[in-house]
Every structure is written in structure tokens, then in C-alpha cells.
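K.L.:
First the structure, then my questions, so here it is.
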């Protein structure tokens, strides 16, 4: 197991963020550690992915677009209209090239923490869920229930977040990213195969 100098990473990333974003980042890092303990995953690796998940978040949107174009990072039409979504792709790139991360699982978790994707790894799920439930979050629907669910069944929590996110976006609160829809449909089919479908899910 590789040992990461977490203090050095924290010091470096603190300079890239405003205080609110840094406090959120620490919340995600510690929540990732808690979920890693619960699901028997490498705690330090989960903390590292949580710490770096938003490493590109505070870059101005115009600069995000320019950096993605410069480094040939694919940009979807939805991302062109909503460049804040690019922080996950750009963050994965910066994790590799600015922070020296070579672990593919960590890079993947950063890449997919905003939209999710079909067939996510355990670390993908941990970071995605931790980003949603960390202690400073207070606006998402059903947070109390999702937080409890996260420590009972990670897949159920993941599916609930995807479902609630799509419902929120469908009500006109933002554009739906195609990858989020693909992730939702993948896990919906998986649940139906396991006999876990509900009436509420059928309406989405």
C-alpha cells in the first residue's frame, strides 16, 4: 500500500480554494474515510480521492473551458453551456499532472464524482456519496435519510442520490447530464434485477 503525504496535499490544495470550498473538501475527505472504514476500503486512498475531488472547482469557468481545450479534454454540449460541470474532468487531469496521482482508482473517482457513471467502483461510489452527504451539506432533499442509508447500504444510497438529483433537475433546476441519466438507468436495471424496484422509481 502506498503512503501518501496527506499534509502536503492539504497544504497545496488549500491555496487553490476559497475557505468555504476547502471546508467542504475536508468534510468530503473525512466522510470518505468513514465510508471506507464501513465498507473495508483503503482509508488513506479514500481520503486522498476526497481531498482532491474538487481540485479544479475554484478555477473560473472561462479558464476551465480554455484548459480543457488546451489539453484536449472532451467537452459535451451540456458542459459548454454549464462549464462548472467540467471541474470533474479537469480535476482528474490536474490530479495526474499537477498533484502526481498515478492511481487509476483515485483518478476515476475524481472524474466521476459529479455525474456518476454505470458500473462504478467502490471508491467511485464512496466519493460520489461522500460529496453529497458531508456534514456541511444542508440543501439536498432527503439528506437525513440518505446519510443513514449511506452506512447501511452504499448502493441504495447511490441510487437514491441519482434519483433525487434527476428529479431535482427535471423540475427545471438545471440541465440533465447524459452520464447521470446513464448511471441512473444502469442502477435502476440492476435494482429491478434484484427485485428492489418501487412505485416511486417507476414515475421517474
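K.L.:
Please report, ordered by residue number, the helices (runs of 4 or more DSSP H) entirely within region 82-148 with at least 3 residues that are farther than 22 Å from residue 63 by Cα.
P.N.:
104-111, 122-133
K.L.:
Only one of (1) on the phi > 0 side of the Ramachandran plot; (2) out of contact with any helix residue (DSSP H, G or I) (no Cβ under 6 Å at 6 or more places or on another chain); (3) in contact (Cβ under 8 Å) with a residue 24 or more places away in the chain fails for residue 98. Which number is that?
P.N.:
(1)
K.L.:
Condition first: out of contact with any helix residue (DSSP H, G or I) (no Cβ under 8 Å at 6 or more places or on another chain) and over 21 Å from residue 75 (Cα atoms). Now tell me which residues in region 149-186 satisfy that.
P.N.:
152, 153, 167, 168, 170, 171, 172, 173, 185, 186
K.L.:
Further, regarding this structure: Residues in region 35-51: is at least one under 12 Å from the mean Cα position of the chain (by Cα) and without any contact (Cβ under 8 Å) to a residue 60 or more places away in the chain?
P.N.:
yes
K.L.:
Can you tell me which of 107, 127, 146 is modelled with pLDDT of 95 or more, in contact with a helix residue (DSSP H, G or I) (Cβ under 7 Å, 6 or more places away or on another chain) and farther than 17 Å from residue 91 by Cβ?
P.N.:
Selected residue: 146, the only one of 107, 127, 146 that is modelled with pLDDT of 95 or more, in contact with a helix residue (DSSP H, G or I) (Cβ under 7 Å, 6 or more places away or on another chain) and farther than 17 Å from residue 91 by Cβ.
The values are calculated or read from the model by the stated rules, or taken from the named source; none is laboratory data. Every value quoted in this text rests on a predicted model; they were computed, and no experiment measured them. Because the Cβ atoms are built from the backbone with ideal geometry, glycine has one as well, and the counts that use them run over all protein chains shown.
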